[in-house]
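**Q** I'd like to ask you about the structure that follows.
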């Protein structure tokens, strides 16, 4: 089963833009790419979801190239409260009935004052 | 609307026992998915239920099973517990199929197997 990969950790200063990329080679044709934020001792919280091109909401942007084999979460002007683990989630379809929802290992973002 | 709720929040069991965890989805949501989260393996998909039918299943042994009721509430059962089953078990609900809709997660049930 193909992996969904993302960087393990990133550091950023307050006020900077942060971009986190996730690679997902076998994304299922009809599935969306979703990003979640997780704080310690809490369940993941939805950030943004997209199918292709660019999606923007009040907290983030999501860039998805035409081949959909990767996606980039962009957090504008991060603050200390954005320190968390960020996960991408895709439906991974490697064929032969092996569809699974697959999380990346998570990117631990540390925002520095 | 009320969010996804999971009961119990914490659980301690011993090896060989079985455990049943419960998940109540957001009202109107027909899909419930279960995930296991551990420090070593991260978030791993267990299975998804949609309208009382298991739609997809992850790479877990048959000791892990689940079901969904007509009101969309779901239960997950783990039989013959092993030490490695200690984890945070999360459920998530969505209006449609999990891969094509936004999932909303509950706070999780933390299971400790001694």
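The values are calculated or read from the model by the stated rules, or taken from the named source; none is laboratory data. Just so we're clear, the structure is a prediction, and the values are computed from it rather than from any experiment. We place every Cβ from the backbone using ideal geometry, glycine too, and count neighbours over all the protein chains shown.
**Q** Report, by residue number, each residue of segment B:56-73 that is assigned to a strand (DSSP E or B) and farther than 25 Å from residue B:15 by Cβ. Break it down stepwise before answering.
**A** Restricting attention to segment B:56-73, the residues satisfying the condition of being assigned to a strand (DSSP E or B) are B:56-57, B:64-68.
B:56, B:68, listed by residue number.
**Q** Among the residues of segment B:23-41, what is the count of those that are surrounded by fewer than 16 Cβ atoms within 10 Å (Cβ to Cβ) and in contact with a strand residue (DSSP E or B) (Cβ under 7 Å, 6 or more places away or on another chain)? Steps first, please.
**A** As a first pass, look at segment B:23-41 and keep what is surrounded by fewer than 16 Cβ atoms within 10 Å (Cβ to Cβ): B:27-28, B:38-41.
Remaining after also requiring in contact with a strand residue (DSSP E or B) (Cβ under 7 Å, 6 or more places away or on another chain): B:38.
So the count comes out to 1.
**Q** Report whether or not residue B:15 is surrounded by fewer than 15 Cβ atoms within 10 Å (Cβ to Cβ), touching a helix residue (DSSP H, G or I) at 6+ places or on another chain (Cβ under 8 Å) and touching a residue at least 40 places away in the same chain (Cβ under 8 Å). Before you say what the answer is, go through the steps one by one.
**A** Numbers: surrounded by fewer than 15 Cβ atoms within 10 Å (Cβ to Cβ): yes; touching a helix residue (DSSP H, G or I) at 6+ places or on another chain (Cβ under 8 Å): yes; touching a residue at least 40 places away in the same chain (Cβ under 8 Å): yes.
Considered against the rule, which asks whether it is surrounded by fewer than 15 Cβ atoms within 10 Å (Cβ to Cβ), touching a helix residue (DSSP H, G or I) at 6+ places or on another chain (Cβ under 8 Å) and touching a residue at least 40 places away in the same chain (Cβ under 8 Å), residue B:15 comes out as yes.
**Q** Oh, and also: Any chance segment A:41-53 includes a residue that's away from chain B (no Cβ under 14 Å) and more than 17 Å from residue B:103 (Cβ to Cβ)? First the steps, then the outcome.
**A** Quick first cut of segment A:41-53, residues away from chain B (no Cβ under 14 Å) only: A:53.
Narrowing the set further to residues that are more than 17 Å from residue B:103 (Cβ to Cβ) leaves A:53.
Within segment A:41-53, one or more residues are away from chain B (no Cβ under 14 Å) and more than 17 Å from residue B:103 (Cβ to Cβ).
**Q** Answer yes or no as to whether residue A:63 is at pLDDT 95 or above, surrounded by 15 or more Cβ atoms within 10 Å (Cβ to Cβ) and either within 14 Å of chain B (Cβ to nearest Cβ) or more than 21 Å from residue A:113 (Cα to Cα) (or both). Show your work before the answer.
**A** Numbers: at pLDDT 95 or above: yes; surrounded by 15 or more Cβ atoms within 10 Å (Cβ to Cβ): yes; either within 14 Å of chain B (Cβ to nearest Cβ) or more than 21 Å from residue A:113 (Cα to Cα) (or both): yes.
So residue A:63 fits the description; yes.
**Q** Here is a follow-up. When residues of segment B:96-110 are filtered for being under 19 Å from residue A:102 (Cβ atoms), touching a residue at least 40 places away in the same chain (Cβ under 8 Å), surrounded by fewer than 21 Cβ atoms within 10 Å (Cβ to Cβ) and facing another protein chain (nearest Cβ under 7 Å), how many remain?
**A** 1
**Q** Check segment A:9-22 and report whether any residue there is within 23 Å of residue B:104 (Cα to Cα) and without any contact (Cβ under 8 Å) to a residue 60 or more places away in the chain. So that I can check it myself, show each step before the final result.
**A** Quick first cut of segment A:9-22, residues within 23 Å of residue B:104 (Cα to Cα) only: A:20-22.
From what's left, without any contact (Cβ under 8 Å) to a residue 60 or more places away in the chain: A:21.
Yes, segment A:9-22 has at least one match.
**Q** I would also like to ask the following. Take residue A:34 and tell me if it is more than 18 Å from residue B:92 (Cβ to Cβ), at pLDDT 90 or above and surrounded by 15 or more Cβ atoms within 10 Å (Cβ to Cβ). Lay out the reasoning, then the answer.
**A** Working: more than 18 Å from residue B:92 (Cβ to Cβ): no; at pLDDT 90 or above: yes; surrounded by 15 or more Cβ atoms within 10 Å (Cβ to Cβ): yes.
Here the answer is no, as residue A:34 does not meet what is asked.
**Q** OK, next. Would you check if residue B:60 is within 11 Å of another protein chain (Cβ to nearest Cβ), over 12 Å from the mean Cα position of the chain (by Cα) and crowded, with 16+ Cβ neighbours inside 10 Å? Give the derivation first.
**A** Values: within 11 Å of another protein chain (Cβ to nearest Cβ): yes; over 12 Å from the mean Cα position of the chain (by Cα): yes; crowded, with 16+ Cβ neighbours inside 10 Å: yes.
Answer is yes for this residue.
**Q** Based on what the data block shows, is residue A:80 within 10 Å of chain B (Cβ to nearest Cβ) and either surrounded by fewer than 16 Cβ atoms within 10 Å (Cβ to Cβ) or modelled with pLDDT under 95 (or both)? Give the derivation first.
**A** Working: within 10 Å of chain B (Cβ to nearest Cβ): no; either surrounded by fewer than 16 Cβ atoms within 10 Å (Cβ to Cβ) or modelled with pLDDT under 95 (or both): yes.
Taking the combined requirement at face value, the residue does not satisfy it.
**Q** Specify the residue that is nearest to the other protein chains (Cβ to nearest Cβ); the eligible residues are those in segment B:78-95 that are modelled with pLDDT of 95 or more and part of a loop (DSSP other than H, G, I, E, B).
**A** Selected residue: B:86.
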